[in-house]
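Everything on this sheet refers to the single structure shown next.
All of the numbers you see were taken from the coordinates with simple rules; none came from a lab. Please read all numbers here as calculations on a predicted model, not as lab measurements. So basically every Cβ, Gly included, is an ideal-geometry build from the backbone, and we count neighbours across all protein chains shown.
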Amino acid sequence: MPPYRRPRRPGATVFFTVALAERGSDLLTREVEVLRDAVRRVRARRPFGIHAWVVLPDHLHCVWTLPEGDAEYGVRWGAIKAHFSRSLRERDAARGPGAGAPFLPTEFPVVRSGRYAGLKPGLRVGKRECAIWQRRFWEHHIRDKADLVGHVRYCWANPVRHGLVERPEDWPFSSVHRDMAAGRYR
């Protein structure tokens with residue numbers, strides 16, 4: 001199988017899906033402030049524009065635009081995941097022994113479907129990996145204005161598709177509130 005290569009288009013607008021290793025978890029909504037802090041920290045060092053963002057319990061979707069001359073969205077995702085994981089790990093350590101079960105999962109769950117179903121991936125301990133995130137993410141480069149609007153609306157509607165709310169504006173972890181107030185993407 002040839003290695004996967006991501007497109008490298010500086011200044012691109014890209015839709016992402018990023019998921020937790022354990023589907024069915026509520027970690028992202030439970031710790032949404034930790035996630036927001038991780039995104040703020042990464043954007044301060046490596047800026048990117050946010051067209052839309054929705055955080056669901058076990059995955060998120062967003063649409064970014066990278067700065068002109070910059071195609072390094074993978075570096076940004078690595079940093080966001082690392083900041084989030086490190087913050088939770090440090091909080092676990094601060095709780096100390098006897099404070100209950102550790103907050104972070106210590107191993108990846110068994111893969112339930114697809115090519116690797118039934119397998120249990122190992123952690124790369126030498127790289128201080130946590131069993132929080134799926135190792136990769138899915139991306140789609142936006143082609144035109146209609147594609148952008150469609151993916152922004154997909155972000156907005158995702159909590160409805162998952163049966164979490166009846167209307168997009170009822171979901172608290174979405175840019176729909178910011179975007180509708182500003183009259184964007186109608």
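Note on TYR73, TYR154: ascending count of other Cβ atoms within 10 Å places them as TYR154, TYR73, the fewest first.
For segment 31-45, the residues whose amide N sits under 20 Å from a probe point set 7 Å from the Cα of VAL165 along the beta carbon direction are 31-37.
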